[in-house]
Structure formats: structure tokens, C-alpha cells
Amino acid sequence: MATLTDFSAGDELFTRSFPIDRADLVEYAKASGDHNPIHQDEAAAKAAGLPNVIAHGMYTMGLASRAVSEWVEQVGLDAQLSDFTARFAKPVVVPADTGAEIVVTAKVRKLHEDGALEINLVVTSGADKVLAPARATLR
Amino acid sequence: MLNPSYVGRSLPATQPVTITAQSVAAFARSLGFADESTPPPTYLISLTLPASNSLVDDPDFGLDFTRVLHREQRFNYLRPVEIGHSLTCTVTVESIKTVAGNELLSLRTDVAEEGKSGDEAQVAKVWTTLFVAGDAAMEGK
């Protein structure tokens, strides 16, 4: 079992990658209720000025939360996510044939005086930083 | 352009929504979580997004959703969301900022448990910032 105070600023925690495809976006749209066609339909995405279908920002943020949750379980922390914030810097473009890959890298930003552990997440797809910044605080 | 007089205004609280095992499992599965009985950290978006429908549909507010991109999102959890909770959402227009002819709209949604009052009722605060493209950005498309 690890505790939050075992970690300190700058510690590299994990890197996780998630291959995604159009079918994943359809499932997420159904589960979340966000049926904006730019996440499913190529013509709608292009009409909105996008290069192709893009993932829901919240789908990417959801995968980032999964990466954090799985790490918490893996290292045996008894902690809850108390704050989770992200800026959607660039869209994740999801071509029909190849899909896309989302990579989440986590480092400790700060161990707060009250014992909360703030994690900085870098989330990329190809060469683009797609969530920047993204931060998760565990208590 | 958005109507600036809406800044500070809150919508009426939504009708309570009861968190079902089915909706949690579907959300968790769509993100690949192994545990399908605990609401994932971003689950509340499925409540907070529809909570702002009446604002999106209000012609006096002037929001054109075809020009909107999601810019920022924050969840601050006061306690865990659980299956069986009955939750209400109160949306407040926190700010409207104009940046180079585009607008940034920040909404805060207070998520509370039905039947409780004050601090005991509070479950989470959720912030959503939307980028609303101005005419110049639309012409550039």
C-alpha cells in the first residue's frame, strides 16, 4: 500500500496509451448523451471547419481519468479524486480507417501541505498536446 | 453575440435525476473502466450538459451552438456520486469574455442531492467553459 505522502514534486507516475476508433465515439455519445454530429459524421465535422471527425473533449478527459484511476488501484492508494480540470487545447482527429491514439503521461505537480497530491497530466494525440493543461488532485 | 446581462444569473434547479446502475455501467463501459458500478470521475457531465439546455435554447441569450467548442472543464467533488442518489443541477452564468472577436462563456453547475439542505446537500461543483466563434473565425473556416 502506498500513501499520497510517498510522492513528491517531479515524480514520474505513469504513461498510458489508448487506441481509439469511430465506434468508441458512437458508444461514448450514447452513454453521455452528447450527440453532436461532429463526433460521428465526417460531413458534419467538415461543415464545422474541422479536418475530420473529432473525439469529444470529454471522451479524452474520461480516458485520462481512467488512466489516473487505474494507477491509483495499481499502486494501492486509498484516495479519491477531489478535483479534475482540463483545457481542450487541440482536437483529437479520428480518421475512419486508422483511428487515433491518446497518450497520457502523469507527473507529480505538488504535494500540498494538507496532504493532497496534485498530478500534472500531459495528454497527446500524434504530435499534438490535446489536453493542456490537465490536472488531477487526489485526497 | 451573447447577452451580457445574463452574467450572474442562475437557471432554476433542474428536476432531480436519479442515478441508475444502468446509466453508470454504460458510461463506465464506454470509457473502458473495469468497475462498472462506480460512477467514473467525469460521469456528472451527463447531467450538467443537459442542465444548460434552457439557456442554449433561450433566444434572448443569443448562443449559437453551431459555433461552440468545448474549451475547459473542471470538476470539484465534495463527496462521491453514488448509484441511487437523486441529484439536481443549478446552472449559473459566471462570466462572458470577449477575446479577439470570439467569446468565452463560463458556466458553473452546482450539483446537489435532493432532500438535503445546505452544505450537506452539495455533491460537486462543475465548471464548463465554451468557446463561441465570432464572425471572423466563422468566415475563416
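Tabulated results
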read-out: Among (1) more than 25 Å from A:H39 (Cα to Cα); (2) exposed (fewer than 15 other Cβ atoms within 10 Å of the Cβ); (3) in contact (Cβ under 8 Å) with a residue 24 or more places away in the chain, the one test that B:Y6 misses; value: (2)
read-out: Conditions (1) of a type outside the set (G, A, S); (2) more than 14 Å from chain B (Cβ to nearest Cβ); (3) out of contact with any Lys or Arg (no Cβ under 8 Å at 6 or more places or on another chain); (4) closer than 25 Å to A:A23 by Cα: number failed by A:K129; value: (3)
read-out: Residue within region A:110-127 that is among the polar types (S, T, N, Q), assigned to a loop (DSSP other than H, G, I, E, B) and open to solvent by 40 Å² or more (accessible area, probe 1.4 Å) present; value: no
read-out: Residues being assigned to a strand (DSSP E or B) and among the small types (G, A, S) - total across region B:100-113; value: 2
read-out: Only one of A:T60, A:T105, A:T85 that is surrounded by fewer than 17 Cβ atoms within 10 Å (Cβ to Cβ), of a type in the set (V, I, T) and at pLDDT 95 or above; value: A:T105
read-out: Within region A:1-18, tally of residues that are open to solvent by 50 Å² or more (accessible area, probe 1.4 Å) and under 30 Å from B:T20 (Cβ atoms); value: 1
read-out: Tally, over region B:90-101, of residues that are open to solvent by less than 50 Å² (accessible area, probe 1.4 Å) and at pLDDT below 95; value: 1
read-out: Meets criteria (within 14 Å of chain A (Cβ to nearest Cβ), touching a residue at least 12 places away in the same chain (Cβ under 8 Å), closer than 23 Å to A:P91 by Cα and among the charged types (D, E, K, R)) for B:R79; value: no
read-out: For A:T98: the one exception among (1) in a strand (DSSP E or B); (2) out of contact with any helix residue (DSSP H, G or I) (no Cβ under 8 Å at 6 or more places or on another chain); value: (1)
read-out: B:L87 more than 14 Å from every other protein chain (Cβ to nearest Cβ), modelled with pLDDT of 95 or more and either part of a loop (DSSP other than H, G, I, E, B) or within 16 Å of B:G8 (Cα to Cα) (or both); value: no
read-out: Members of region B:16-35 that are at negative phi, without any contact (Cβ under 8 Å) to a residue 40 or more places away in the chain and open to solvent by less than 70 Å² (accessible area, probe 1.4 Å); value: B:S23, B:A25, B:A26, B:F27, B:A28, B:S30, B:L31, B:F33
read-out: Residue among B:K125, B:K97, B:K116 that is closer than 29 Å to B:L63 by Cα and either assigned to a helix (DSSP H, G or I) or free of Cβ contacts under 8 Å to residues at least 12 places away in the same chain (or both); value: B:K97
read-out: Among residues of region B:114-141, those that are charged (D, E, K, R) and either open to solvent by less than 30 Å² (accessible area, probe 1.4 Å) or under 18 Å from B:Q73 (Cβ atoms) (or both), counted; value: 1
read-out: Test: residue in region B:23-42 that is more than 14 Å from every other protein chain (Cβ to nearest Cβ) and not in a strand (DSSP E or B); value: no
read-out: Residue list for region B:52-76, restricted to those being exposed (fewer than 12 other Cβ atoms within 10 Å of the Cβ) and not in a helix (DSSP H, G or I); value: B:D57, B:P59, B:D60
read-out: Per-region count, region A:32-47, residues facing chain B (nearest Cβ under 7 Å) and open to solvent by 20 Å² or more (accessible area, probe 1.4 Å); value: 2
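The values are calculated or read from the model by the stated rules, or taken from the named source; none is laboratory data. Every value quoted in this text rests on a predicted model; they were computed, and no experiment measured them. Methodologically, a virtual Cβ is constructed for each residue, glycine included, from the backbone with ideal geometry; neighbour enumeration extends over all protein chains shown. For accessibility, only protein heavy atoms count, side chains too; no ligands or nucleic acids. Shrake-Rupley method; radii C 1.70, N 1.55, O 1.52, S 1.80 Å.
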